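Read the figures in this text as sums done on the coordinates, not as results from a lab. Note that the coordinates shown come from a computational prediction; the quantities given were computed from them, not determined experimentally. When we count neighbours, we look across all protein chains shown, and the Cβ atoms used for this are built from the backbone with ideal geometry, even at glycine.
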Amino acid sequence: MRVAAAPARGAGVERVVAALRAHGATLAVAESLTGGALTAALVTVPGVSAVLRGGVVAYASDLKRDLLGVDAELLGAEGPVHPEVARQMAVGAARRLGATHAVATTGVAGPGPADGRAAGTVHVAVAAPGAVRVRSLRLAGGRAALRAASVDAALALLAGTLGDPRPHPEGGEQPGPARR
């Protein structure tokens, strides 16, 4: 059976992979709402195996806790859609997968709210040596558009962390189909 490949995220993902290579860096990915789409975008780039260590899709809170080291009290108090959860997911992925850098996504893709958060509430984080950056977004659109915009936001944050401030053609530094 043939399955269509996930679409590449254009030149943005290629620039990110090139920047990781130029820095001699490695990457780990921790995904929740994007469900593997970020990793799928990365693996469209030939030669990504030189930098990509692996990824974890931790949709359930117990997996965020057990696999990525997200604090159980934080998850209990705030739920899985919170900027600190994204930060801890990124730090945990870097540590668990042995990478210099990690990127994480968490949020609500909809169609309705989840865990007390509105659809379109998204947090992406990047852990790098000596720094962790988190970006919180409020996006609008359908489920597919929210997930795609979350991938773009994660790639843009990672690119900025690696010193590439240029916006991605898919939506720039603050991507999204529409802002609320």
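Odds and ends about this structure:
- With neighbour counts taken as other beta-carbon atoms within 10 Å, the residues Leu137, Leu27 rank, fewest first, as Leu137, Leu27.
- Placed amide H near Ala30: partners under 5 Å, 5+ positions off or other chain: Val56, Val103, Ala104, Thr105
- Karplus 3J(HN,Hα) series, Hz, for the stretch 91-98 with 6.51 cos²θ - 1.76 cosθ + 1.60 (x for Gly, Pro): 4, x, 5, 4, 5, 5, 9, x
- Each residue of the stretch 153-159 was assigned a 3J(HN,Hα) from its phi angle through the Karplus curve 6.51 cos²θ - 1.76 cosθ + 1.60 (θ = phi - 60°); the sequence is 5, 5, 5, 5, 5, 5, 4 Hz, with glycine and proline shown as x.
- Matching label, volume of the Cα convex hull per residue in Å³ computed from the structure shown, candidates (i) 150; (ii) 167; (iii) 114: (iii)
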